[in-house]
Amino acid sequence: MRKVFYAGCFDPFTNGHLDVVKQALGQFDKVIIGLGINNKKTRYFDRNRMVAAIKEVLAQHNIQDRVLCLAYDHYTGSTAIGHACECLIRGIKNKDEFDYELSLANYNRLYYNINTLFFLPSCQELESVSSTLARELYDAKDFKALKKIVPKTIFELLDSQCS
């Protein structure tokens with residue numbers, strides 16, 4: 001079985017993240033989504049609630065049998081290897097993200113001997129979608145726009161936290 005590890009904060013999980021997962025399923029048997037901890041960031045949304053909501057999204061898209069979602073606290077490379085993944089996957093939306101993503105990929109290849117496969121958005125509408133944008137829309141209470149960039153279950157979770 002060919003498995004890959006998709007690490008991130010997913011704070012929140014967006015339609016762009018879902019797009020990367022679906023693309024990866026076209027090439028691999030199983031995707032593991034790992035919600036890690038980034039000490040440079042403060043989470044907006046509870047990690048365990050986000051894991052549960054992502055699992056609901058996966059079920060709604062009928063891919064729950066091929067995608068595992070979990071929270072983890074260790075280094076991404078070691079976690080991926082511990083789950084017998086052959087590589088990491090990442091999404092890159094634009095050239096501004098490339099240098100950062102390349103440095104992460106080089107680190108994981110050097111210290112964990114695991115490569116990173118990059119995916120581009122499958123459609124133009126996803127090129128500007130990010131968790132940062134979702135949080136900005138959430139803070140501005142622009143729920144009409146937010147609803148367009150996150151899956152329905154994620155929107156409902158965010159909406160319930162705002163109430």
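Met1: net charge of surrounding residues, Cβ under 9 Å, Lys/Arg +1, Asp/Glu -1, itself excluded?
Working: positive: Arg2, Lys3, Lys30; negative: Asp29.
Value of the local net charge: +2.
Suppose R0 equals 30 Å. What FRET efficiency, 1/(1 + (r/R0)^6) with r the Cβ-Cβ distance, do Leu104 and Met1 give to the nearest 0.05? The partial results should precede the final answer.
Values: r = 25 Å, r/R0 = 0.83.
About 0.75, to the nearest 0.05.
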Angle between the chain longest axis and helix 47-60 axis [Cα atoms, degrees, rounded to 10]: 90
Summed residue charge, Cβ within 14 Å of Lys30's Cβ, Lys/Arg positive, Asp/Glu negative: +1
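Using only helices, what value at 222 nm comes out for the chain when you add -39,500 (n - 2.57) per DSSP H run of length 4 or more and divide by the total residues, to the nearest 500 deg cm²/dmol? Walk me through the intermediate numbers first.
On the way: 7 runs with 77 residues, N = 163.
After summing the helix terms and dividing by the residues of the chain, the value is -14500 deg cm²/dmol.
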Spin-label pair Lys93/Tyr111, simplified geometry with 7 Å Cα→Cβ offset, distance in nm: 2.7
Amide H partners (placed H, <5 Å) of Tyr6, local residues excluded: Ile32, Ile33, Gly34, Ile89
Where Cα atoms sit under 17 Å apart: lysine pairs in the chain separated by 8 or more or lying on different chains: 10
Distance between the range 139-157 and the range 101-115 - C-alpha centres, whole angstrom: 33
Distance histogram for the chain (every C-alpha pair counted, 5 angstrom bins, percent rounded to whole numbers): 2, 9, 19, 22, 23, 16, 7, 3, 1, 0
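Any read-out appearing in this document is the output of simple, stated calculations on the displayed coordinates, not a laboratory observation. This structure is a prediction, so every number in the text was calculated from the model and none was measured. All Cβ positions, even for glycine, are placed from backbone atoms using ideal geometry, and neighbour counts span all protein chains on display.
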